[in-house]
Amino acid sequence: MPRSAERAPTASRPLRLAAVALALAAGALALGPGVLRGRLSAALRSPETLAREAAAGLAGRRALDAGPVRIELDDLRLAEITVAVDGPRARVVAIAEGGGRARFGDQAPSLAYVGREAFLLERCAAGWCAADGALPALRGVVEALAASPRPPGVRVVAWQIRVERDEATAGEDRELPEAPPRRAREVRTLRRDAAGRWALAAP
């Protein structure tokens, strides 16, 4: 066999490598510089950093569902965010503070909130997503408050909610069905059970 024929496979290897390089470059151009930079930046950051950024991004939420209650947030801030990543999940603890309104039935009390939130993030197509929805403590307390018994005709004007680890207090401003209408205030205590459900504490 001629020597030129023996050297042909070796000589073609640089051509194959060049073709691969061109294909990679074309793929990068197709993605666009912004997408490429974003992917490279994400690849260089730790899972903890990415999960923390995803948790902080929940501050942009403006609507939450809590059973039959619709929570509309005018503002929301998350501080003191800590993250513990365990494979495809991350446990997040943060202090949330915000305000807005809760709508249920014919009621629409204003809402002021500060509390400790603990929730899980899971890896998703967007990077990290809340596993069971955002702000589970706020949602649980609001759902329990909305379902609590009240005298007929009472209108709930406002809630001021503070959540600790497994206990919450809620000031409830009411308008009583009297002539003329009269305002009253009640402070309620709620506790979270082993299953994570919130309920009014026994007097």
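Contact map, region 95-110: residues that are free of Cβ contacts under 8 Å to residues at least 60 places away in the same chain paired with residues that are part of a strand (DSSP E or B) and of a type in the set (S, T, N, Q), Cβ distance under 6 Å, separation 6+ or inter-chain. Pairs shown: Arg101/Ser110. Exactly one residue out of Ala170, Ala158, Ala125, Ala131 is assigned by TED's automatic domain parsing to the domain that holds Leu73, under 18 Å from Arg192 (Cα atoms) and among the aliphatic types (A, V, I, L, M): that is Ala170. Taking strands (runs of 3 or more DSSP E) as the structural unit, those lying wholly within region 76-194 and holding at least 3 residues that are within 21 Å of Gly60 (Cβ to Cβ) and modelled with pLDDT of 95 or more correspond to 89-103, 110-124. Within region 118-134, the residues that satisfy the criterion of being out of contact with any Pro (no Cβ under 7 Å at 6 or more places or on another chain) and under 11 Å from Val92 (Cβ atoms) are Ala118, Leu120, Leu121, Trp128, Ala130, Ala131, Ala134. Residues being in the same structural domain as Ala131 (by TED's automatic domain parsing), touching a Leu at 6+ places or on another chain (Cβ under 6 Å), hydrophobic (A, V, I, L, M, F, W, C) and modelled with pLDDT of 55 or more are represented in region 65-73 by at least one member. Within the bounds of region 105-115, is there any residue that is of a type in the set (D, E, K, R), within 16 Å of the chain's Cα centre (by Cα) and in the same structural domain as Arg162 (by TED's automatic domain parsing)? Among the residues of region 105-115, not one is of a type in the set (D, E, K, R), within 16 Å of the chain's Cα centre (by Cα) and in the same structural domain as Arg162 (by TED's automatic domain parsing), which makes the answer no.
The values are calculated or read from the model by the stated rules, or taken from the named source; none is laboratory data. Given the structure is predicted, the values throughout are model-derived calculations rather than measurements. No Cβ is skipped: glycine too gets one built from the backbone with ideal geometry, and neighbour counts run over all protein chains shown.
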